[in-house]
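*Asks:* Got a structure here, written out as structure tokens. Questions coming.
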Amino acid sequence: MKCALVTGGSRGIGSAVCQKLAEDKNYHILINYQGNQEAAENTLEKVKEFGATGEIIKFNVADAEDVKNSLTAWQDANPDAVVEVIVNNAGITRDGLFMWMSHEDWNNVINTSLNGFFNVTSFFMQKMLRNKYGRIINMVSVSGVKGTAGQTNYSAAKGAVVAATKALAQEVAKRNITVNAVAPGFIRTDMTGDLDEKELVKLIPANRFGEAQEVADLVGFLASKKAGYITGEIININGGIYS
Ligand SMILES: NC(=O)c1ccc[n+]([C@@H]2O[C@H](COP(=O)([O-])OP(=O)(O)OC[C@H]3O[C@@H](n4cnc5c(N)ncnc54)[C@H](OP(=O)(O)O)[C@@H]3O)[C@@H](O)[C@H]2O)c1
């Protein structure tokens, strides 16, 4: 059984990615989430509507023990399953000016995006190298390439994943494993639900927020066999806000 794991696959961009990979029908979809069970179940239903199979795996990407225990239990129960695609998508924001930023808001954001990438990817790395095939796609952000005021923690976390993407890509390219990052601008999801869209679109050349589906289409291509010569890339998808 060939699998694609999407962290934070229950809602927003992650859910759209699960559905896109289901539509492409190459993989059994592993939908990770940490809190919202109902959203994860909805995504699984949609995956099945595309005629694909999938299952939900609950763990907190920021918690190394939880990741290891959950994925070990899953792999033990599915010894023949091979994870060929990892989409490190789980992420959070805890915005605020740096001068007021608490240790907690700093650590939570770094632990989710950066340590989440490490905890999940490292679990599968040796298996992927033995299998001599893999696609790793990291969801970063325009904040991680440009830096965004009020998001020093988030910019640092995503920027670190940008650098890790480039480094790991060079380590594993010989084994047919690609490592790329996708850097969205403003995408309409729960994460951006509280933003003043009317004001912010004035900054966006395309004059609109992006849709999760549009990000998912890009991830779907990077996850496919066709994208085998693209690696170490950070691909912006932001309506022209930054290039
Ligand atoms: N929306 C944007 O404009 C935008 C722009 C640039 C980059 N991004 C990035 O794109 C990714 C997805 O964003 P989104 O807008 O789709 O966010 P979202 O709507 O808030 O959804 C976040 C998803 O991540 C999961 N999650 C959060 N923390 C987790 C943890 N510790 N362990 C496991 N799962 C966790 C959530 O699961 P639960 O349902 O269980 O909470 C949910 O499925 C994030 O990495 C974000 O930084 C988003």
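The values are calculated or read from the model by the stated rules, or taken from the named source; none is laboratory data. These numbers come from a predicted model, not from an experiment. So basically every Cβ, Gly included, is an ideal-geometry build from the backbone, and we count neighbours across all protein chains shown. Calculation scope for accessible area: heavy atoms of the full protein, side chains included, ligands and nucleic acids excluded. Shrake-Rupley method; radii C 1.70, N 1.55, O 1.52, S 1.80 Å.
*Asks:* GNM on the chain, C-alpha springs below 10 Å: top fluctuator among MET125, MET191, MET99?
*Replies:* In this elastic network of the chain, the residue with the biggest mean-square fluctuation among MET125, MET191, MET99 is MET99.
*Asks:* Considering amide H positions built from the backbone, and no H for Pro or chain starts, which residues 5 or more places from VAL82, or on another chain, come under 5 Å of its amide H?
*Replies:* LYS2, CYS3
*Asks:* Round to a whole number: what % of the accessible area of the stretch 2-237 belongs to carbon and sulfur, probe 1.4 Å?
*Replies:* Values: 5730 of 11420 Å².
Percent of accessible area from carbon and sulfur atoms in the stretch 2-237: 50.
*Asks:* Might you tell me the accessible area per residue for the stretch 2-237, computed with a 1.4 Å probe and given in Å²?
*Replies:* Numbers: 11420 Å² over 236 residues.
It amounts to 48 Å² per residue over the stretch 2-237.
*Asks:* Taking only Cα atoms, what is the 0 to 90° angle, nearest 10, from helix 37-49's long axis to the longest principal axis of the chain?
*Replies:* In the chain, helix 37-49 runs at an angle near 60 degrees to the longest axis.
*Asks:* Tell me, what is a quarter of the convex hull surface for the C-alpha atoms of the stretch 2-237, in nm² with one decimal?
*Replies:* That works out to 12.5 nm², a quarter of the Cα hull's surface.
*Asks:* While we're on this one: Please get the size of the charge dipole for the chain, origin at its Cα centre, with Cβ charges of +1 on Lys and Arg and -1 on Asp and Glu, quoted in debye to the nearest 20.
*Replies:* Using Cβ point charges on Lys, Arg, Asp and Glu, the chain gives about 1000 debye.
*Asks:* Report, in deg cm²/dmol and to the nearest 500, the calculated mean residue ellipticity at 222 nm for the chain, where each DSSP H run with n ≥ 4 adds -39500 (n - 2.57) and the sum is divided by the residue count.
*Replies:* Value at 222 nm, helices only, nearest 500: -13500 deg cm²/dmol.
*Asks:* Follow-up. Using the Karplus curve 6.51 cos²θ - 1.76 cosθ + 1.60 with θ = phi - 60°, what ³J(HN,Hα) values do you get for each residue of the stretch 101-113, in whole Hz, with x for Gly and Pro?
*Replies:* 5, 7, 4, 4, 5, 5, 5, 4, 6, 5, 5, 6, 6
*Asks:* Beyond 23 Å between alpha-carbons counts as too far, so tell me which of LYS132/LYS226; LYS146/LYS166; LYS132/LYS166; LYS25/LYS132; LYS20/LYS174; LYS146/LYS225 fall in that bin.
*Replies:* LYS20/LYS174; LYS146/LYS225
*Asks:* Express in Å², to the nearest 10, the accessible area of VAL82 obtained by rolling a 1.4 Å probe over the protein heavy atoms while all chains stay in place.
*Replies:* 50
*Asks:* Please list the non-local residues whose amide H lies under 5 Å from the amide H of GLU233, H modeled 1.01 Å from N, same-chain partners needing a gap of 5 or more.
*Replies:* ALA181
*Asks:* Ok, one more. Please provide three numbers in whole Å: the alpha-carbon extents of the stretch 112-243 along the principal axes, with the largest listed first.
*Replies:* 50, 30, 24
*Asks:* Here is a follow-up. Once both axes come from the Cα atoms, what is the angle between helix 212-222 and the longest principal axis of the chain, in degrees from 0 to 90, rounded to 10?
*Replies:* Computed tilt is about 50 degrees.
*Asks:* How far is the Cα center of the stretch 114-146 from the Cα center of the stretch 40-67, in Å?
*Replies:* 17
*Asks:* I would also like to ask the following. Going by amide H atoms built from the backbone, whose H comes under 5 Å of the H on ILE187, apart from near neighbours?
*Replies:* GLY210
*Asks:* On C-alpha positions alone, give me the angle between the axis of helix 116-131 and the longest principal axis of the chain, in degrees, nearest 10.
*Replies:* 30
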